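The values are calculated or read from the model by the stated rules, or taken from the named source; none is laboratory data. Since this is a predicted model, take the numbers as computed values, not measurements. Neighbour counts run over all protein chains shown; Cβ positions are idealised from the backbone, glycine included.
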Amino acid sequence: MMPQNKFHELPHIADDIDYLLKNDDRIKAFDIDPSAFDWIKKDDGFETLLRTIVGQQLSLKAAATIWERVRQALNNNILPEKVLGTDDNVLRAAGLSQQKVNYVNALATAVLEKQLSFETFPDMDDDDIIKAITAVKGFGVWSAQMYLMFSMARPNVWPAGDLGIQKGIQIYFDLPERPKEKVAKNYMNHFAPRNTAASLIMWTIQK
C-alpha cells in the first residue's frame, strides 16, 4: 500500500510554498491556506507508473475500482515479472483495454530489460527522466511530469500542458484568455526554481 504522506508537507516543497505565499504579492491576494491542500506523496517505481496507465482517461472512482481488480489479478504481486506472466485475457477481464494491456506489458518489459531504471533516476536531471519515461509506449510528457512531481518530489516541475495550470496562469496574470502550452511554458521562469510549489498554487487558484 502506498504511503499517505501529504505531498505539500515535504520539507523542501513546504518551504517553497511558504516562500511564494509570503513573497509573491499576487499570490498573497488569493489568501491561500496550504493546510487545505490534499495532494498525496506517491511511491516512486514500477507500481506508480503501472497505476498511471490503468487510470488513463478514467474518472478517479473508475480508476480506483479497476486498479483494485488489477491488483487482485496480479495477486497483489505488483512486479514486472508478474505482469508479463499474467495472461492478457486476465488483465482484460480486470477492466483493461487491449491497448492498456499492451502498455503495461511494454512498461514491464522496459523495467526488466533495464531500459527504464528507477535506481538511476535520483542521479538524473528532470529532462532526462522525462525522456526515459516517455520512451516507453503509453507515457506522455504530462505523465512523466506528474511522476517527477508527486513520486520524486522534484522542486522545479512546470506542467505547462496541464489545463489547470493554464487556467491558473490566466487568473494569476489576469490574462484575457487561457494560454496554450507553448505560451504557458514561458511563465516557468517567473517561479523558478520553485515551479512545483507554484504548480500547486496555480491548481488551487483556478478551482
ask   = What helices (runs of 4 or more DSSP H), lying completely within segment 41-101, carry at least 1 residues that are over 19 Å from the mean Cα position of the chain (by Cα)?
value = 60-73, 80-84, 88-93
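Scan segment 102-140 for residues that are outside any helix (DSSP H, G or I) and either surrounded by fewer than 19 Cβ atoms within 10 Å (Cβ to Cβ) or in contact with a Lys or Arg (Cβ under 6 Å, 6 or more places away or on another chain) (or both) and jot them down.
113, 114, 115, 117, 124, 125, 135, 137, 140
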task = Output the residue which, of all residues in segment 141-158 that are of a type outside the set (S, T, N, Q), in contact with a Leu (Cβ under 9 Å, 6 or more places away or on another chain) and assigned to a loop (DSSP other than H, G, I, E, B), is surrounded by the most Cβ atoms within 10 Å (Cβ to Cβ).
result = 157
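So which residues in segment 164-174 are surrounded by 13 or more Cβ atoms within 10 Å (Cβ to Cβ) and not polar (S, T, N, Q), if there are any at all? Outline the logic, then answer.
Step one: filter segment 164-174 for residues surrounded by 13 or more Cβ atoms within 10 Å (Cβ to Cβ), giving 164-172.
Hits for segment 164-174 are 164, 165, 167, 168, 169, 171, 172.
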ask   = Just wondering, is there one or more residues in segment 182-196 that are within 16 Å of the chain's Cα centre (by Cα) and modelled with pLDDT of 95 or more?
value = yes
key: Residue list for segment 151-163, restricted to those being within 14 Å of residue 122 (Cα to Cα) and of a type outside the set (D, E, K, R)   = 151, 152, 153, 155
